[in-house]
Each structure stands twice: as C-alpha cells, then as structure tokens.
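Q: One structure, pasted below without further comment.
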Amino acid sequence: MNIITNLILANRPNANEINNLPWWVIVVIIVFILLLLLLIPWGKISRKKVVKEEVLEKITNEKIKVKKNEPYMGVYNWFGKKQSLRLSKVVYVREEEDPCDLCRPWENTVIIIAEEHSQAPTMKEAIAAGYHHVGCKHIDLDYFEGVTVIPEKQFSEEHKINRFNLRLKQYEFEQKIRDLNYEINNSSKDEIVNESKKKLEIENLKYLDFLDKNHLKRNLQREDPIIDEIKRFS
C-alpha cells in the first residue's frame, strides 16, 4: 500500500491542473488506480506470511517435543531396547521365558522412572539391583494407573530357570565356534587350520542337535569371531 500511495502522490497534479483536465481523463486515472489495486496479489503476500508463521511454529514445537522426550535416567536401558525416550514416567516389566536371576524378580512389576513417587520402586533402584544389565532382553511397557492391565505370568519359575540355563549353554557353544572360526581365519599354519576345521564340523553337529532338542534358534551373527561384547549376549 505504501508503494501505491507514493505513486499517487508523485503523480498527483496540483489543483489548477486538475481543474484544467477534461473529466474523462480523471475517470481514466481513477480506473487505472483501481485496476492496479486489483492486480496486486494481496492473498499471495498474506499466504507467505502465514506459511512463515506456521514453519516457525513447527520448528518451535519440534524443539519442545525433543526436550520433553529426554531420558529420565540418562543411558537407562541402553543395552536393552533403548526405551528411555518415552512419554510415560511409569512402566511395568514384560515377562520373558528365559530371564536371568537379576531380572526375574522385576517381571510384571511396576517401576517408576522419575523419582517423584513412593508407591513403587524406582528405575534407579532396579538398575542398582542388576536390572537392565548388559545383554538384558527385557522390555518396559508404559503403565497407566487404572487403565493398564498387567497380564498374569505365563511361565513357572522352574521353567524360566531351565530356559535360562539353556541360553547359557548356547552362549558356550557360540564361544567355541567363534574361537575355532578365529583360528581358521587367522592362523598361518595349515595344520592348525585343518585341525580347527575338523573340530568346527564336530562342534556344529553337536550344536545343531542341542538347538533341535531344546527348540532354540541359531544366531549366526553371534558366531562371528569379531563380534563386539554387547552383541554376544543380545
């Protein structure tokens, strides 16, 4: 609007000139000004302003969202499913078929992540007692009081202990296979390589029989001799 006003003022004749102009010239000037006003894309200019405001609002909301989802316990559950980014401050521990002695007591238990309640144990206390150790498979699920129904336990304590011992036995097989694979891949002596291959063949047969009898699945990734320590137990 300022551009139009300046244009009008710059081209406005004085009173004497207006009096001397024919009436039709005045009409043409008025029509020209009206057409100019109609042709300026006021809606587009307004829309750009709205879009800019929406973008700024979206960026602000994203920053707020990220800030709100910061973990309450730092790297809590870092070796499990990395669930420390959650909306709920209260969780319960999902039951597993083969839990270890450290995590078994916490199954189907409500745990407070933020230290602002006293009705349930805190995540800090659980971790101090060994929960969510390296290789822990347990998953924490959001718990909402009066809404969430914690399911009944599906497995007996005896069954869980037996399955966990089988898991330890599987880790032993995997360690032997890793060691033999390492010798095969890195030894410069043919005798050692050939001997390791024979041992590996025998160990594989034992391992496959063990898996079949106990309804376990083979994890080829954990048999890699250069796998990192954490993935060995995941």
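Q: Could you tell me whether any residue of the range 122-135 is at pLDDT below 90, surrounded by 15 or more Cβ atoms within 10 Å (Cβ to Cβ) and of a type in the set (Ser, Thr, Tyr)?
A: Yes, the range 122-135 contains a residue that is at pLDDT below 90, surrounded by 15 or more Cβ atoms within 10 Å (Cβ to Cβ) and of a type in the set (Ser, Thr, Tyr).
Q: Go through the residues of the range 86-103 one by one and say whether even a single one is surrounded by 14 or more Cβ atoms within 10 Å (Cβ to Cβ), under 21 Å from the mean Cα position of the chain (by Cα), under 26 Å from residue 231 (Cα atoms) and among the hydroxyl-bearing types (Ser, Thr, Tyr).
A: Checking the range 86-103: at least one residue is surrounded by 14 or more Cβ atoms within 10 Å (Cβ to Cβ), under 21 Å from the mean Cα position of the chain (by Cα), under 26 Å from residue 231 (Cα atoms) and among the hydroxyl-bearing types (Ser, Thr, Tyr).
Results for (1) exposed (fewer than 14 other Cβ atoms within 10 Å of the Cβ); (2) touching a residue at least 60 places away in the same chain (Cβ under 8 Å), shown as yes or no for each residue.
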residue: 142; (1), (2): no, no
residue: 147; (1), (2): yes, no
residue: 150; (1), (2): no, no
residue: 158; (1), (2): yes, no
residue: 167; (1), (2): no, yes
residue: 172; (1), (2): yes, no
residue: 177; (1), (2): no, no
residue: 180; (1), (2): no, no
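Q: When you check residue 184 against the structure, is it touching a residue at least 24 places away in the same chain (Cβ under 8 Å), out of contact with any strand residue (DSSP E or B) (no Cβ under 9 Å at 6 or more places or on another chain) and surrounded by 15 or more Cβ atoms within 10 Å (Cβ to Cβ), yes or no? Spell out how you get there, then give the answer.
A: Values: touching a residue at least 24 places away in the same chain (Cβ under 8 Å): no; out of contact with any strand residue (DSSP E or B) (no Cβ under 9 Å at 6 or more places or on another chain): yes; surrounded by 15 or more Cβ atoms within 10 Å (Cβ to Cβ): yes.
In short, no.
Q: Determine if the range 157-176 includes at least one residue that is touching a Leu at 6+ places or on another chain (Cβ under 7 Å), more than 26 Å from residue 99 (Cβ to Cβ) and not assigned by TED's automatic domain parsing to the domain that holds residue 91.
A: no
Q: Consider residue 205 against the criteria (1) on the phi > 0 side of the Ramachandran plot; (2) loosely packed, with under 11 Cβ neighbours inside 10 Å: it satisfies all of them except one. Which criterion is unmet?
A: (1)
The values are calculated or read from the model by the stated rules, or taken from the named source; none is laboratory data. Owing to the predicted nature of the structure, the values given are computational and were not obtained by experimental measurement. Note: ideal-geometry Cβ built from the backbone for every residue, glycine included; neighbour counts use all protein chains shown.
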